[in-house]
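The values are calculated or read from the model by the stated rules, or taken from the named source; none is laboratory data. From a predicted model like this one, the values you see are computed outputs, not experimental measurements. Cβ placement follows ideal geometry from the backbone for every residue including glycine, while neighbour counts extend to all protein chains displayed. Heads up: the accessible areas ignore ligands, DNA and RNA and are worked out on the full protein's heavy atoms, side chains in. Shrake-Rupley method; radii C 1.70, N 1.55, O 1.52, S 1.80 Å.
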Amino acid sequence: MNRVNSPIKRRPTRQIHVGKVAVGGDAPVSVQTMTNTRTEDIESTSAQILAAAKAGADIVRVSIPTMEAAEAFREIRKRSPVPLVTDIHFDYRIALRVAEYGADCLRINPGNIGREDRIKAVIDAAREHGIPIRIGVNGGSLEKDLLEKYGEPTPEALVESAMRHVAYLEKYDFPDFKVSVKASNVFTAVDAYRLLSKKIEQPLHLGITEAGGLLTGTVKSSVGLGMLLYEGIGDTIRVSLSADPVEEVKVGFEILKSLGIRSRGINFISCPTCSRREYDVIGVVSELEKRLSDISVPVDVAIIGCVVNGPGECETAEIGLAGARGKSGYYENGQRIDRIDNSCLVDELEQRIRAYAGNKARRLAAENA
Ligand code: SF4
């Protein structure tokens, strides 16, 4: 049962592969995050990658500011369960080094590398190792001449910058790339991606850059990415938050879930509560969110405070709880099958949701076998 029937028709794009993850074409929209440890610190960086992967990240980006970081990356790559994009600025030798060490994608803007033979060397290395390139244009680091021409980082300026970098890849006949044109202003970013989507067939990496903290960044990213994804634009997303990368992954999935593009883990449908509530809805939902965060199989769970909206929501969810005095109605697949004492809701629900998710995971695995 899927509560969101998505009307979204995705823009057809050329498919590329970031390690084992397909991006573009008919591949699911992937969720990325980026480490914020010092890359030279192998232990912390690897731990952060693992935590992001556990939260569902399809791809993780790691910045490689120094040759020392490039050396550390060799070990970090070995330990990572997910493909890694290496983020490099200016120094082409770092790009060559990490390509050798197993980078799954190079994020580097060809136009910033400098000499033509160096640009060609990076493109040749990507080709030789079979890895794509991501061009990443950012409103905060636009070329001076474009800022002079447009006065500020306008959507047109971002796209012109992106197309300059694209021109290098086209010149050397390297079509396996994706592009981002990020801005911290939602309208600028959205219009830039719209413009760019009409110019190239390559996949687009969406993001609102420097979006803010957990709350403000989540809202800005949801609005900006939501608009684009609804229009079918976007093949991979990164929510940028001044917060733990795990939060970026969670928010990324919630955006995709709310648009019916992808599903992962428990999709809670819960009421805000009011004086009619028959139990502590907020407490139950927050505790279940924590306890069930390891579940990856998608399950719609309605947790509703009373009979006003309870039965209706529970009948369209896979699991539901409709609040009632003393004992609340428990639903599975739209049918009320039991009543649970309001004094032990969290433990009972955790156990039942886990059992349901386990059965569903086994069923899905058998169907896909
Ligand atoms: Fe209030 Fe019931 Fe609505 Fe929840 S479902 S907000 S408890 S009326």
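Remarks
- Looking only at segment 208-242, and only at residues there that are small (Gly, Ala, Ser) and surrounded by 18 or more Cβ atoms within 10 Å (Cβ to Cβ), the one that is nearest to residue 37 (Cα to Cα): 240
- Among residues of segment 346-369, those that are under 19 Å from residue 269 (Cβ atoms) and open to solvent by 60 Å² or more (accessible area, probe 1.4 Å), counted: 1
- All positions within segment 270-288 that are within 13 Å of the ligand (Cβ to nearest atom) and open to solvent by less than 30 Å² (accessible area, probe 1.4 Å): 279, 281, 284, 285
- Residue-level analysis places residue 302 outside the set of residues that are in contact (Cβ under 8 Å) with a residue 12 or more places away in the chain, open to solvent by less than 20 Å² (accessible area, probe 1.4 Å) and assigned to a loop (DSSP other than H, G, I, E, B).
- Residue 260 under 30 Å from residue 52 (Cβ atoms) and surrounded by fewer than 18 Cβ atoms within 10 Å (Cβ to Cβ): yes
- Consider segment 312-325 and keep the residues that are out of contact with any Phe, Trp or Tyr (no Cβ under 8 Å at 6 or more places or on another chain) and in contact (Cβ under 8 Å) with a residue 24 or more places away in the chain. The one that is farthest from residue 269 (Cα to Cα) is 325.
- Residue in segment 328-345 that is closer than 20 Å to residue 274 by Cβ, open to solvent by less than 10 Å² (accessible area, probe 1.4 Å) and free of Cβ contacts under 8 Å to residues at least 60 places away in the same chain present: yes
- Close pairs from segment 268-281: first under 15 Å from residue 311 (Cα atoms) and assigned to a strand (DSSP E or B), partner modelled with pLDDT of 95 or more and within 7 Å of the ligand (Cβ to nearest atom), Cβ under 9 Å, at least 6 apart: 269/304; 270/281; 270/304; 270/305
- Of all residues making up segment 113-133, the number that are out of contact with any helix residue (DSSP H, G or I) (no Cβ under 7 Å at 6 or more places or on another chain), assigned to a loop (DSSP other than H, G, I, E, B) and modelled with pLDDT under 95: 2
- The criterion of being β-branched (Val, Ile, Thr), modelled with pLDDT of 95 or more, within 30 Å of residue 315 (Cα to Cα) and touching a strand residue (DSSP E or B) at 6+ places or on another chain (Cβ under 8 Å) holds for residue 29.
- Residues that are of a type in the set (Gly, Ala, Ser), within 11 Å of the ligand (Cβ to nearest atom) and in contact with a Lys or Arg (Cβ under 9 Å, 6 or more places away or on another chain) within segment 303-323 comprise 305, 322, 323, listed in sequence order.
- Residue check, residue 315 outside the structural domain of residue 55 (by TED's automatic domain parsing) and open to solvent by 80 Å² or more (accessible area, probe 1.4 Å): yes
- Test: residue 246 is open to solvent by 10 Å² or more (accessible area, probe 1.4 Å), within 29 Å of residue 319 (Cβ to Cβ) and more than 16 Å from the ligand (Cβ to nearest atom): yes
- Residue that is least open to solvent (accessible area, probe 1.4 Å), among those in segment 132-145 that are more than 20 Å from the chain's Cα centre (by Cα) and touching a residue at least 40 places away in the same chain (Cβ under 8 Å): 139
- One residue from 177, 187 being at pLDDT 95 or above, under 22 Å from residue 88 (Cβ atoms) and either under 25 Å from the mean Cα position of the chain (by Cα) or not acidic (Asp, Glu) (or both): 177
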